[in-house]
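Novice: Quick one: the structure is below, and I'll ask about it shortly.
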Amino acid sequence: MPPRAPTRPRLVLIVMCLAMLILQMDNMVLNVALPTLARDLGATEQQLQLMLASYMVPFAGLLLFAGGLSDRFGRRRLLMIGLVVFGVASGFAAVAGSPAALIAARAAMGVGGALMMPSTMSILIVAFPDETERRTAMSTFSVVSVLGLVGGPLLGGVLLADFWWGSVFLINVPVVALALPAAAVLLPESHGPTRRYDPLGALLSVLWTGSLVWAITELPNGLTPSVRAALIGGAAALAAFLAWELRIREPMVPLALFRERNFSGSCFSILLLTFAFGGLLLVLTQYLQSVLGYAPTSAALALLPVVIAMIIIQPFATGVSERVGQRVMLCTGLLILAGAFELLTTVGTQSSSWHIGAVLALFGVGAGIAQPAAMTVLTGAVPPQLAGVGSALNDTMLQAGAAFGVAGLGSLLASDYAHSLPATAPTGAEASLAQALTIAARTHDPALAHAARAAFVHGMDATFVISAIAVAAAGVLAFLVIRENTRRAADAPPVGGRPAPQQPTDELLAQEAA
């Protein structure tokens, strides 16, 4: 039986927004510190990518298992445990003395995030059973999500201007200190149907995600035996994961959810979208600081047009979606985002802040239209009794897309950058733009600095073209797969004295949840 809806949904929304804010802030706050970490810790381009991916790999790999745990033991309880783990790991990250220590701390933060994330959306699904109220809640949730993505680098830039790089992780501590008691006091506990544990499925999901992300990250160094082994092992782990989930009686992944067109269409659209966005801030923050010479604070402020445009467009988009439907809004937003990625290829080593700001504002418009629509479609397709594992399945797609985006697009950038450098570049300049600029400053070689910046922009353009293609493909997929009002049809009043037919997927999900 679905849990009773809470009586204070707006307060619940506030707590969930705080939890999402901390997760998204940390997901992107490291981007603004990448040049500083390359200099202070001597991190290579691959290590910088691993600092990002080490957070996302356990996050993505453990989400499904954590979703099952939240349904079984309580969504509020798991959220609070995740907050504690996340806060403690953030403290260790702040004092890490080497790239390896920071990568390990980030992985622990990913574990905490995995425990938190499924509870956020699943609690919102239960708190807002009415579709209209849920649409507004998801729009607010989406704005906070993007605010965290951009606000993290912004606040990180302010901190880096006056403090050491570890301060970008300490900003998590006060947010955790605020969210933890708020969750304890304001959130009602809710559970889903009791399901058996699937530790083998969780282990296999971590193995295939981690192996493939690591292999993609190392590909610029060549198809070495270790990379080949990781690719083969990751593919084998993925095949074993799918075979195991199909075989066991109570799988970690409720495969019947994918028979719901709106769920599968929104999931895979989000996967492609987050793949593109995974590499965006990784590339853009380095471009603003190392190519255009922005200070960390200025680089973060340059990202504000995304948030401002999204806040402005969100109420308008919510109202229009009630008339034209979520599929139209999702496809429109994705096509706008694809155009914004393509326009980013027009920036260069001398681009003005107005040029960059206009393109980023277009990103905010596209995101403000597409993201709330995607989340509304997805949550409307998940029944409350499967809210935890359904939310976790969506979050897994989101985090896996971001992880592969950081790894794949980051590797493409590193490879293209190295190959675009002149053959006369000194040894070590090919490792990263930050290394090349350090060498150029030490040897008083402005020609090397100019060549390195131009090579970085060349690689950046290649990543933006791939991102535009991925987002456009997400729009096409959404248009072909998603259908409007499938769940409303199931709830429609009887016609001609006969009840409206229920969706076959609902029956399958009910049987699976029983």
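The values are calculated or read from the model by the stated rules, or taken from the named source; none is laboratory data. This one's a predicted model, so the numbers in the text were calculated from it and none came from an experiment. Backbone-built Cβ (ideal geometry, glycine too); neighbour counts: all protein chains shown. SASA here: full protein model, heavy atoms, side chains in, ligands and nucleic acids out. Shrake-Rupley method; radii C 1.70, N 1.55, O 1.52, S 1.80 Å.
Novice: Report yes if some residue within the range 446-466 is within 30 Å of Ile270 (Cβ to Cβ) and at pLDDT below 85; otherwise report no.
Specialist: No; the residues of the range 446-466 include none that is within 30 Å of Ile270 (Cβ to Cβ) and at pLDDT below 85.
Novice: So, one more: State which residue is surrounded by the fewest Cβ atoms within 10 Å (Cβ to Cβ) when the search covers only the range 351-379 and only residues that are touching a residue at least 12 places away in the same chain (Cβ under 8 Å), within 21 Å of Leu288 (Cα to Cα) and polar (S, T, N, Q).
Specialist: Of everything passing the filter in the range 351-379, Ser353 is surrounded by the fewest Cβ atoms within 10 Å (Cβ to Cβ).
Novice: Are there any pairs, at least 6 apart or on different chains, whose C-beta atoms fall under 8 Å, with the first in the range 271-285 and without any contact (Cβ under 8 Å) to a residue 40 or more places away in the chain and of a type in the set (D, E, K, R) and the second crowded, with 24+ Cβ neighbours inside 10 Å and assigned to a helix (DSSP H, G or I), and if so, which?
Specialist: Qualifying pairs under 8 Å: none.
Novice: Pick out the one residue from Val150, Val126 that is at pLDDT below 80, out of contact with any Lys or Arg (no Cβ under 7 Å at 6 or more places or on another chain) and over 30 Å from Gly42 (Cβ atoms).
Specialist: That would be Val126, the only listed residue that is at pLDDT below 80, out of contact with any Lys or Arg (no Cβ under 7 Å at 6 or more places or on another chain) and over 30 Å from Gly42 (Cβ atoms).
Novice: So Ala478 passes all but one of these: (1) at pLDDT below 90; (2) out of contact with any Cys (no Cβ under 9 Å at 6 or more places or on another chain). Which condition number does it fail?
Specialist: The one condition Ala478 does not meet is (2).
Novice: Go through (1) farther than 30 Å from Gly279 by Cβ; (2) at pLDDT below 75; (3) open to solvent by 20 Å² or more (accessible area, probe 1.4 Å); (4) assigned to a helix (DSSP H, G or I) one by one and return the number of the condition Pro3 breaks.
Specialist: All conditions pass for Pro3, except number (4).
Novice: Let me ask you something else. Name the pairs whose Cβ atoms lie under 6 Å apart, with the first residue in the range 231-250 and farther than 22 Å from Phe404 by Cβ, the second among the basic types (Lys, Arg) and open to solvent by less than 60 Å² (accessible area, probe 1.4 Å), and 6 or more positions between them or separate chains?
Specialist: Filtered contacts from the range 231-250: Glu250/Arg195.
Novice: Can you pull out every residue in the range 94-130 that is closer than 24 Å to Glu322 by Cα and not in a helix (DSSP H, G or I)?
Specialist: The answer is Phe128, Pro129, Asp130.
Novice: Let me ask something else about it. Checking Ala60 against (1) modelled with pLDDT under 80; (2) buried (at least 24 other Cβ atoms within 10 Å of the Cβ); (3) more than 26 Å from Met138 (Cα to Cα), which test does it fail?
Specialist: That leaves (3) as the condition not met.
Novice: Which residues, counting only those in the range 422-447, are assigned to a loop (DSSP other than H, G, I, E, B) and surrounded by 22 or more Cβ atoms within 10 Å (Cβ to Cβ)?
Specialist: Those that are assigned to a loop (DSSP other than H, G, I, E, B) and surrounded by 22 or more Cβ atoms within 10 Å (Cβ to Cβ): Ala429, Ser432.
Novice: Shifting gears a bit: Is it fair to say Phe86 is modelled with pLDDT of 85 or more, buried (at least 24 other Cβ atoms within 10 Å of the Cβ) and either in contact with a helix residue (DSSP H, G or I) (Cβ under 9 Å, 6 or more places away or on another chain) or of a type in the set (Asp, Glu) (or both)?
Specialist: For Phe86, the condition - modelled with pLDDT of 85 or more, buried (at least 24 other Cβ atoms within 10 Å of the Cβ) and either in contact with a helix residue (DSSP H, G or I) (Cβ under 9 Å, 6 or more places away or on another chain) or of a type in the set (Asp, Glu) (or both) - is met.
Novice: Can you tell me which residues in the range 241-269 are hydrophobic (A, V, I, L, M, F, W, C), modelled with pLDDT under 80 and open to solvent by 20 Å² or more (accessible area, probe 1.4 Å)?
Specialist: Within the range 241-269, Leu255, Phe258 meet the criteria.
Novice: Quick check: is even one residue across the range 147-162 hydrophobic (A, V, I, L, M, F, W, C), in contact with a helix residue (DSSP H, G or I) (Cβ under 9 Å, 6 or more places away or on another chain), open to solvent by 10 Å² or more (accessible area, probe 1.4 Å) and outside any helix (DSSP H, G or I)?
Specialist: No - not one qualifying residue is present in the range 147-162.
Novice: Okay, moving on. Is the range 199-221 home to any residue that is modelled with pLDDT under 75, surrounded by fewer than 17 Cβ atoms within 10 Å (Cβ to Cβ) and not in a helix (DSSP H, G or I)?
Specialist: No; the residues of the range 199-221 include none that is modelled with pLDDT under 75, surrounded by fewer than 17 Cβ atoms within 10 Å (Cβ to Cβ) and not in a helix (DSSP H, G or I).
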